[in-house]
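Right, one structure below, let's go through it.
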Amino acid sequence: VVGPALAALSRHRALRRLDLSYCKLSEAGFEAFLAATWPALTNLNASVALPGVVGPYAPGAKAEFDGPHALGAAAFAGFPALEALDLTCVPLGEVGARLLASRRWPHLEDLLMHGCLIGGAGLAALARGDWPVLDRLHLRCNGLGARPILEEARRWAPKLTEVEADEAEGEEEEELEEDWEDEEEGWPEGEAGGGGGASGGDESDSDESE
């Protein structure tokens with residue numbers, strides 16, 4: 001399914017929003033989407049996009065950084081206009097944080113990385129990246145050990161106004177589990193597990209331009 005869907009979406013060069021949340025992509029499919037080029041995309045939601053990831057720290061598929069479907073040189077490289085990126089519960093780890101930090105994000109303002117398991121080393125890797133307009137950084141449930149201080153984070157992300165992280169180590173899993181319970185209660189019956197979708201520039205863009 002991913003191949004035809006990716007081919008169809010890639011023809012929409014004006015695509016601005018893409019929602020892959022709860023799509024249960026295979027690792028190959030996840031890699032394919034992130035390695036594709038999306039020149040006009042401003043908002044990507046890839047939260048809980050992998051199969052087996054159905055809650056905080058759930059076992060199952062993970063984002064790979066070696067093997068046949070590794071997230072490598074092409075991943076995240078084709079998003080020049082991205083303003084908001086949601087990777088909630090995608091277990092990127094420290095290596096994934098280093099990959100993100102190696103990319104150029106000239107327009108990225110909102111980065112959600114709840115439950116990505118990056119740890120303190122992953123946070124240090126993010127600090128070595130270039131985040132010229134990053135405004136909000138969400139890092140709960142990552143095993144950071146200590147909450148990042150906004151003033152310190154502004155040394156590497158000068159436009160930051162908000163850093164969301166856990167108050168102290170040990171609160172992380174409990175808080176994320178509570179979030180999931182609240183979210184599931186709000187899902188309509190039969191829809192727990194979400195969908196996914198995309199929107200392009202053909203109709204909505206014309207409305208915005210007027």
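The values are calculated or read from the model by the stated rules, or taken from the named source; none is laboratory data. Predicted model only: the values in this text are computed from it and were never measured. Glycine gets a Cβ as well: all are built from the backbone with ideal geometry, and neighbour counts include every protein chain shown. For accessibility, only protein heavy atoms count, side chains too; no ligands or nucleic acids. Shrake-Rupley method; radii C 1.70, N 1.55, O 1.52, S 1.80 Å.
Which residue pairs have Cβ atoms under 7 Å apart, sit 6 or more places apart or on different chains, and have a first residue in the stretch 19-40 that is closer than 16 Å to residue 8 by Cβ and a second that is open to solvent by 20 Å² or more (accessible area, probe 1.4 Å) and part of a helix (DSSP H, G or I)?
Within 7 Å, the pairs are 25/2; 29/2; 32/2; 32/6; 33/6; 36/6; 36/10.
Going by what's in this entry, would residue 83 be described as out of contact with any Pro (no Cβ under 9 Å at 6 or more places or on another chain), open to solvent by 20 Å² or more (accessible area, probe 1.4 Å) and free of Cβ contacts under 8 Å to residues at least 40 places away in the same chain?
On the way: out of contact with any Pro (no Cβ under 9 Å at 6 or more places or on another chain): yes; open to solvent by 20 Å² or more (accessible area, probe 1.4 Å): yes; free of Cβ contacts under 8 Å to residues at least 40 places away in the same chain: no.
Against the criterion (out of contact with any Pro (no Cβ under 9 Å at 6 or more places or on another chain), open to solvent by 20 Å² or more (accessible area, probe 1.4 Å) and free of Cβ contacts under 8 Å to residues at least 40 places away in the same chain), residue 83 does not qualify.
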